[in-house]
Amino acid sequence: LACSHHHCAFPLNRNELCVWNTATAQPLRLSGHHYSISALTFGSKINPLLLCSASHERVIVWNLDECTQKVQEGLTPRGTVVGALLGVVLHVRFSPDDQQVAICAGNRIYILSAKNEAILAELDGHLAPVTAAEFCTWEKSMLISVSEDRTFKASAYSNFFFLKVWDYSTSKLIYQSGILTAFPLLSLLIDEENKQIITGCAEGQLWIFSLISDHNYRCVAHINLKKAQEKFCNKVWKSGKEIGEGQNTSKLCKTNNLRPEGSVETSLPILLIEHCDFLVCFHNEENTYSALNTSYFWIGSSTGLFIINLANFELEAFLSYKDYSDLSVQFAGSCALARKAVNGKVLCLITSMFQDIIAVLEVNLAALVRTQQNDFLLCGNENSLSVVARLNYFTIGVKSMVKDQPLVFHNKIKSSGYTAAPRMTMFSPNNNLKKNKVSKWKTSCKCKNKEYPLESDPPIKYEKEISVTGKPTPVCCIQYSGDGEMLACGLADKTALIFNSSLTDTCNIFAGHDGAVNSVGWSHDKKWLVSASEDRTLRVWSVCNNEPALILGKEKFPKTVRFAQFYFIDAFILLCCGAEFHLLSFHLDTTKDDLKRYKKRSVCKLVQKFPMASTMEITSLSAVNDFYSYIVLTAGSNRALEVFDLNAGCSTAVIPDIHTRPVHQICQNK
């Protein structure tokens, strides 16, 4: 979420961007992402007003004035792609001059140009995903970041080279804090006036550090938001008691001091820290108390909004979501606040933690604090905090139901100005199985699968042997079905056989290859059998009728096909050909048309080829078909083992010299 003056921005249908203008009540819908938008931020300047949106496949900077003009002219607004394939982005932030953008993706921070696709610096030093980063306004060479590794770090950069943890030229660390808490740090704010940084964690703890040069980043204050809220409510309750029994106090303070039986105590994660435009809201009022000469900041949490006084580090005001019946969001999953107030009102955007609801609020800061000040004067105690007023301080601007729709991959249009979107997610497992189907499948597996007893010694005596043919014939390969009930084997006499697991009967014989069958593989449902042969062909057989449903001939493969198997619960076929393995998508159809018997209905298409590095031939391949797995293991004639992640579409690890000789067999989950 993001807010700025009259504008607020949020994802719509996951990969579409909606910018809502509160002044004109006109939504602006922007399309450019193919995957879910994970981070948003507005620029520091109003003219032009920039907006940066990020997903794991691209980062786009939008000029909202130009986009609005394009829409008025009937054209499709386009943004500037400034980054691609950076990973899952958790946070984005413009520099004070809007010339650069800091992108927090995984454990790294990328400094990108806001005008074109250029990575100015890549900062790597955190041990967990970076959750927030801020540019220092008075030190142009400083960047502060916090991470789920529970530390914050200071980094410097020169004119064009940015660093978070080190000086880019010397690669030296400027500052790294120790571990502050057992919970991830979620938010960060730089207080320019007092030269301090404020950070908060998921448990509701706040730390304030000094950025003055000779203070060495010392901790100025530590605030427990839960205890600050309880202290605030206790003072309100005492002040109400002094006024009299007839004086009303807020619902929040009542429920905190006299907690109803069966109520749930909620944590207060620090979702947001933002400047509070406190003085502007009271610039026309003469009777405000003297504390107005200090600075304040907002804290956005799951239950409400807090205002903290930086002079005494105490809670000044609290707005609870559940105190307002008109607001459908009781617990916020994320929130955003505008830094500047407009006409005395601060724009706020929140989303529900448990529902697909987005609400736009306008918080009347002066009315909130004024009512609390009146209660405070009635009490006659200058040091006490005031009662949370139950006035309607906010107006619900938008309450839009954003339904949880599946991500749709649209066709890419070359003339759109964007390059083709990368295939970042090749597979989408179907996890929406009905419970009865899952339970039946688990029960059947428990009944059929025969687990090897780990306490027993390895088997050294055979119990039964059979002769597969009438004459001596080498058996080139054997493969059990997933449930262990059937056994397939490929023979050098160009046939493949199927036995039951007890080897008491030959169930089927498959003939058709012109060379020795070097590999066989079962489908997950045991309806199909894939075989590869020395004749450079691949066949998929129907187990029931002994006929090939699919044949791929020699023209498809320049070398011998080996290690053919079904993959990703029968969604693909994997096979090796020389020093690379192929990923094939397929569709099997055994129906026949009497008028077109020559025409096969089954089809197969090459998805991608994956070469193994520095080897002449792949000597073994292994991948799991019994459950969804992205991992493929290969071994080569160079005696190395290579790990491929097909979801990322690349090799992820190479282990050299894994054996003294080339590996000829890898087994997973068998």
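Values computed for the structure shown
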quantity	calculated
Residue, most open to solvent (accessible area, probe 1.4 Å), within region 8-35, restricted to residues that are of a type outside the set (A, V, I, L, M) and closer than 15 Å to LEU349 by Cβ	PRO27
Any hit, region 627-643, residues being within 24 Å of VAL543 (Cα to Cα) and open to solvent by 40 Å² or more (accessible area, probe 1.4 Å)	yes
Options GLY482, GLY470, GLY521, GLY490; residue that is part of a loop (DSSP other than H, G, I, E, B) and in the same structural domain as ASN625 (by the TED database)	GLY482
Residues that are among the small types (Gly, Ala, Ser) and not in a strand (DSSP E or B), drawn from region 75-111	GLY79, GLY87, SER95, GLY106
Check on SER533, touching a strand residue (DSSP E or B) at 6+ places or on another chain (Cβ under 6 Å), over 25 Å from GLY649 (Cβ atoms), at pLDDT 90 or above and not hydrophobic (A, V, I, L, M, F, W, C)	yes
Test: HIS664 is touching a Ser or Thr at 6+ places or on another chain (Cβ under 9 Å) and open to solvent by 50 Å² or more (accessible area, probe 1.4 Å)	yes
Cβ pairs under 6 Å, 6+ apart, first in region 18-46 and of a type in the set (A, V, I, L, M), second in a loop (DSSP other than H, G, I, E, B) and crowded, with 16+ Cβ neighbours inside 10 Å	LEU30/PRO77; ILE37/SER55
Evaluation of SER622 against (1) closer than 26 Å to CYS667 by Cβ; (2) open to solvent by 70 Å² or more (accessible area, probe 1.4 Å) (one fails), failing number	(2)
Residue satisfying all of: in region 15-38; β-branched (Val, Ile, Thr) and modelled with pLDDT of 85 or more; nearest to ARG58 (Cα to Cα) among these	ILE37
Residue count, region 465-495 (criterion: of a type in the set (S, T, N, Q), open to solvent by 40 Å² or more (accessible area, probe 1.4 Å) and closer than 25 Å to PHE627 by Cβ)	1
So LEU529, is it in contact with a helix residue (DSSP H, G or I) (Cβ under 9 Å, 6 or more places away or on another chain), of a type in the set (A, V, I, L, M) and closer than 20 Å to PHE586 by Cβ	no
Of the criteria (1) among the charged types (D, E, K, R); (2) open to solvent by 20 Å² or more (accessible area, probe 1.4 Å); (3) more than 12 Å from VAL59 (Cβ to Cβ), which one GLU117 fails	(3)
Residue in region 112-129 that is out of contact with any Lys or Arg (no Cβ under 6 Å at 6 or more places or on another chain), in a strand (DSSP E or B), modelled with pLDDT of 90 or more and of a type outside the set (D, E, K, R) present	yes
Residue that is modelled with the highest pLDDT [pool: residues in region 501-511 that are over 48 Å from the mean Cα position of the chain (by Cα) and in a loop (DSSP other than H, G, I, E, B)]	LEU503
Matching residues, region 75-87, being surrounded by fewer than 23 Cβ atoms within 10 Å (Cβ to Cβ) and of a type outside the set (A, V, I, L, M)	THR76, PRO77, ARG78, THR80, GLY87
Single match in SER31, SER53, SER36 (criterion: closer than 24 Å to LEU361 by Cα and among the small types (Gly, Ala, Ser))	SER53
Number of positions in region 536-558 that are touching a residue at least 40 places away in the same chain (Cβ under 8 Å) and in a loop (DSSP other than H, G, I, E, B)	3
Filter pass, ILE498 being open to solvent by 70 Å² or more (accessible area, probe 1.4 Å) and in a strand (DSSP E or B)	no
Residue within region 88-109 that is acidic (Asp, Glu), open to solvent by 60 Å² or more (accessible area, probe 1.4 Å), within 28 Å of ILE174 (Cβ to Cβ) and more than 17 Å from the chain's Cα centre (by Cα) present	yes
Region 1-59 - residue that is among the hydroxyl-bearing types (Ser, Thr, Tyr) and part of a loop (DSSP other than H, G, I, E, B) and, of those, farthest from ALA102 (Cα to Cα)	THR24
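The values are calculated or read from the model by the stated rules, or taken from the named source; none is laboratory data. From a predicted model like this one, the values you see are computed outputs, not experimental measurements. Quick reminder, even Gly has a Cβ in these numbers, built from the backbone with ideal geometry, and neighbours come from all protein chains shown. SASA here: full protein model, heavy atoms, side chains in, ligands and nucleic acids out. Shrake-Rupley method; radii C 1.70, N 1.55, O 1.52, S 1.80 Å.
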